[in-house]
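Just so you know, all these numbers are worked out from the coordinates, no wet-lab data involved. Everything numeric here is computed off the predicted structure, so don't read it as measured data. Cβ sites come from the backbone with ideal geometry, for glycine too, and all protein chains shown count toward neighbours.
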Amino acid sequence: MNRFSPLLAGAALLSTPLLVSAETAVAPAPNGIEFPADYRDWKVISVSHRTDHHSMRVILGNEIAIAAARRGETLPWPDGTILGKVVWKEGAEPDWAPAIAPQAFIHVEFMEKDSKKWAETGGWGYARWVGSDLKPYGNDTNFALECVGCHTPVKGRDWVFTTPATFPPLPAGH
Ligand code: HEC
């Protein structure tokens, strides 16, 4: 078979720019943490609502985090855990005003557990991307001091506020 078939070459030309842009569009955090582009497919650990900040949040986890959360083995969270938090402005549900629902996207942030690599910040690497253009938060690595500072009250919970919400297991036979 001719390896340089015009059809294949055309397909390669068409697909390459898409692949490149998907991989390079989001800049890493100042501490080098790469944007975990697959976070939109992660499963839910819990939700929260900041009444003072008028925002709603969903707390997500990668596979390692979800396995630990469902087993209730989160003290400590295992190395390889990544926790994500997506934050939106709150607003009334258009068709049922007393219900509040997420409105504009504010930011998405992550904590990745690697007890050796991130020993100086309690075993967690912190990263946040702001706005729908996903701009990395912080000018240098010092930005993480703000994260660590506010998470210090839960140092004894492996620096994590969220208690996994209950997802009751199905009765036997299902
Ligand atoms: C003003 C205090 C404050 C600061 C600053 C802060 N956090 Fe948090 N963070 C919280 C609270 C409170 C929660 C619990 C969930 C919620 O209600 O938002 C939380 C939850 C999280 C979670 C979900 C896991 C958990 O601990 O529950 C991640 C991930 C996270 N924060 C990342 C970050 C990153 C990254 C930074 C720094 C860029 C940061 N946080 C800075 C208060 C803070």
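Structure summary
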read-out: Residue-averaged [θ]222 nm for the chain, counting only DSSP H segments that reach four residues, each worth -39500 (n - 2.57); value: -6500 deg cm²/dmol
read-out: 10 Å Cβ shell holding at most 14 others, DSSP loop, GluC sites (Glu not before Pro): longest site-free stretch of the chain; value: 74-174
read-out: Fully extended contour minus Cα-Cα distance, from H54 to H174, at 0.36 nm per residue; value: 39.3 nm
read-out: Segment 81-98 - phi-based ³J(HN,Hα) in whole Hz, Karplus 6.51/-1.76/1.60, Gly and Pro as x; value: 4, 10, 9, x, 9, 10, 10, 10, 5, 8, x, 6, 5, x, 9, 7, 3, x
read-out: Spatial extent of the chain: Rg and Dmax, with the Cα atoms as the point set, Å; value: 19.9, 66
read-out: Segment 31-157, relative contact order in percent, only Cα pairs under 8 angstrom and at least six apart counted; value: 17
